[in-house]
Amino acid sequence: MDEAIYTPEKLRSTLDAIVHNDVRLSLMLWGPPGIGKSSIVAQVAQAHNLDLIDLRLSQLAPTDLRGLPVAEHDQGIARWYPPEFLPRDGQGILFLDEINMAPPSLQGIAQQLILDRRVGSYHVPDGWFIWAAGNRKEDYAAVFDMPAPLGNRFIHYHIAPDLDSFKGYGLSNGIHEHILAFIAYRPELLHKVDQLQPAWPSPRTWEMASALHRTKLEIVPAVGVAAATEFQAYTTLIDDMPDLSSILAGKGSGVFPDEPSVRYAVTIGLAARAKNVEQAMNAFLWMMEKAPAEWVQLLAVDMLRLSRERGQLGELAKRLLADPKAKAFMAQFRELIGLA
């Protein structure tokens with residue numbers, strides 16, 4: 001039986017539940033580079049007001065983790081002094097990233113932390129979770145085989161790229177709407193490893209590309225030539241899309257475009273730009289009048305997710321249910337848009 005695959009969104013909710021229920025088991029997160037493993041851990045730590053110590057084990061030497069022996073002449077012994085970056089008190093997540101890129105000698109010390117919650121005289125405080133992450137051999141990463149005794153100490157979660165997770169994260173964190181619309185149109189470019197090039201598309205590099213695109217810089221250095229060329233061609237197509245600002249102001253006219261790529265740009269653009277209930281309502285009513293139902297549904301999923309995060313869902317739901325056409329649509333698609 002193949003391992004169960006988690007989307008980034010499902011992994012986030014799973015880690016939230018683990019922290020909420022105080023499940024003190026060691027976790028191993030497996031997945032390709034650039035998918036957001038460390039970012040998800042950071043989000044969970046922030047959401048639960050936990051400290052986070054992110055250790056890239058591939059960049060450490062064994063003495064960096066175990067500490068250094070210091071002679072105590074009066075007692076005739078040497079005592080191991082642990083590194084200052086290990087936690088001493090409080091509550092948090094000790095995150096051992098790139099654990100299987102570390103040499104076996106360092107993995108052995110990490111095993112002591114995971115198994116015994118101690119190295120030498122150092123003890124991990126009771127309030128800390130111990131989680132780890134790594135890439136797989138098929139990700140073309142320079143990894144070492146994880147010793148069976150070490151692997152058997154973890155609960156293993158396997159993560160894969162996922163469009164809905166990336167789009168939800170992007171809408172909440174300000175990734176440029178052009179990037180989100182392009183990936184929705186070309187989801188196979190969300191994560192595409194290129195062994196021959198240093199720059200290639202992944203959720204991490206698309207977020208970098210967003211920062212470059214926002215300042216009108218080329219995105220080739222972030223995602224590589226092939227993906228950037230397609231993105232550039234895409235941006236020329238969306239120049240003729242309807243005026244989104246007018247739609248959000250309740251003064252929208254024109255028609256919903258026929259070109260699928262531009263349809264994604266309009267739908268995701270409206271969701272990303274609607275900052276309050278009034279704008280969200282105007283966008284929804286315009287789409288109901290102009291667009292096929294599946295595109296209205298796509299807008300509703302994104303818009304309701306953002307409204308929930310902003311604490312506006314209750315007010316928006318009241319406005320939608322007060323409009324007969326909107327109410328009928330919501331009743332028809334309530335399960336699909338997550339209101340069941």
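With the cut-off at 1.5 for a/c, could you classify the chain from its C-alpha gyration tensor as rounded, prolate or oblate?
Values: a/c = 2.81, a/b = 2.00, b/c = 1.41.
It comes out prolate by the Cα gyration axes.
Give me the number: length gained by fully extending Lys325 to Asp16, i.e. 0.36 nm times residue separation minus the C-alpha to C-alpha distance, one decimal in nm. Don't skip to the answer; put the middle values down first.
Working: separation 309, 0.36 × 309 = 111.24 nm, distance 3.72 nm.
The Lys325-Asp16 span can extend by a further 107.5 nm.
Rounded, prolate or oblate: which one fits the range 288-331, using the alpha carbon gyration tensor with axes a ≥ b ≥ c (rounded when a/c is under 1.5, else prolate when a/b beats b/c, else oblate)?
On the way: a/c = 2.74, a/b = 1.30, b/c = 2.11.
It comes out oblate by the Cα gyration axes.
Using amide H atoms built in the peptide plane, which far-off residues or other-chain residues are under 5 Å from His158 H to H?
Here Tyr6, Trp30 satisfy the definition.
Say the dipole of the chain comes from +1 at the beta carbon of Lys and Arg and -1 at that of Asp and Glu; which of Val277, Leu163, Leu86 then lies farthest toward its positive end?
Projecting each Cα onto the dipole axis, the largest value belongs to Val277.
Give a residue-ordered list of calculated ³J(HN,Hα) values for the range 100-108 (Karplus: 6.51 cos²θ - 1.76 cosθ + 1.60, θ = phi - 60°; whole Hz; x for Gly, Pro).
Each residue of the range 100-108 in turn: 8, 8, 7, x, x, 4, 7, 4, x Hz.
For the pair Lys216 and His158, what calculated FRET efficiency results from E = 1/(1 + (r/R0)^6), where r is the Cβ-Cβ distance and R0 = 45 Å, to the nearest 0.05? Working shown, then result.
On the way: r = 38 Å, r/R0 = 0.85.
My answer for the efficiency is 0.70.
Could you sort the peptides 118-128, 250-260, 154-164 by per-residue average Cβ neighbour count (10 Å cutoff), highest mean leading? Please list the in-between numbers first.
Values: 118-128: 15.0, 250-260: 13.3, 154-164: 17.3.
My ranking of the peptides, most packed first, is 154-164, 118-128, 250-260.
Tell me which residues come under 5 Å, amide H to amide H, from Phe129 once H is placed; ignore anything under 5 positions away on its chain.
It is Gly92, Ile93, Leu94, by chain and number.
Grab the beta carbon distance between Arg88 and Gln332, set R0 = 56 Å, and tell me the FRET efficiency rounded to 0.05. It would help to have the intermediate numbers written out before the result.
Values: r = 57 Å, r/R0 = 1.01.
It comes to 0.50.
Mind listing the phi-derived Karplus ³J(HN,Hα) values for the range 92-98, rounded to whole Hz, using 6.51, -1.76 and 1.60 with θ = phi - 60°, and x for any glycine or proline?
Taking θ as phi minus 60°, the curve returns x, 10, 8, 9, 9, 7, 6 Hz for the range 92-98.
What does DSSP give for the chain in terms of the percent of beta bridges that are antiparallel, rounded to the nearest 5?
Numbers: 7 of 28 bridges.
Percent antiparallel among DSSP bridges in the chain is about 25.
Given the rule -39500 (n - 2.57) for each run of at least 4 DSSP H residues, summed and divided by the residues of the chain, what is its mean residue ellipticity at 222 nm, to the nearest 500 deg cm²/dmol? Could you put the intermediate results ahead of the total?
Values: 16 runs with 165 residues, N = 340.
Theoretical 222 nm ellipticity from helices: -14500 deg cm²/dmol.
Around Phe166, under 11 Å between beta carbons, what's the net of Lys plus Arg minus Asp minus Glu among the other residues?
-2
For the peptides 30-38, 55-63, what is the packing order when you average, over each peptide's residues, the other Cβ atoms within 10 Å and list the highest mean first? Please list the in-between numbers first.
Details: 30-38: 21.8, 55-63: 16.2.
Result, highest mean Cβ count within 10 Å first: 30-38, 55-63.
Provide the FRET efficiency to the nearest 0.05 for the Ala293-Gln59 pair, computing r from the beta carbons and using R0 = 56 Å. Working shown, then result.
Values: r = 51 Å, r/R0 = 0.92.
Computed FRET efficiency for Ala293 and Gln59: 0.65.
Enumerate the calculated ³J(HN,Hα) couplings along the range 317-328 in order (Karplus 6.51 cos²θ - 1.76 cosθ + 1.60, θ = phi - 60°), each rounded to whole Hz, writing x wherever the residue is Gly or Pro.
4, 4, 5, 5, 6, 7, 9, x, 5, 5, 4, 5
What does the C-alpha gyration tensor say about the overall shape of the range 5-159? Classify as rounded when a/c is under 1.5, otherwise prolate if a/b is larger than b/c, or oblate.
Numbers: a/c = 2.28, a/b = 1.46, b/c = 1.57.
Here the range 5-159 falls in the oblate category.
Read-outs: derived from the displayed coordinates by stated rules, not from any lab. Quick caveat: nothing in here was measured; it's all calculated off a predicted structure. For neighbour counting, all protein chains shown are included, and Cβ atoms are generated from backbone atoms with ideal geometry for every residue, glycine included.
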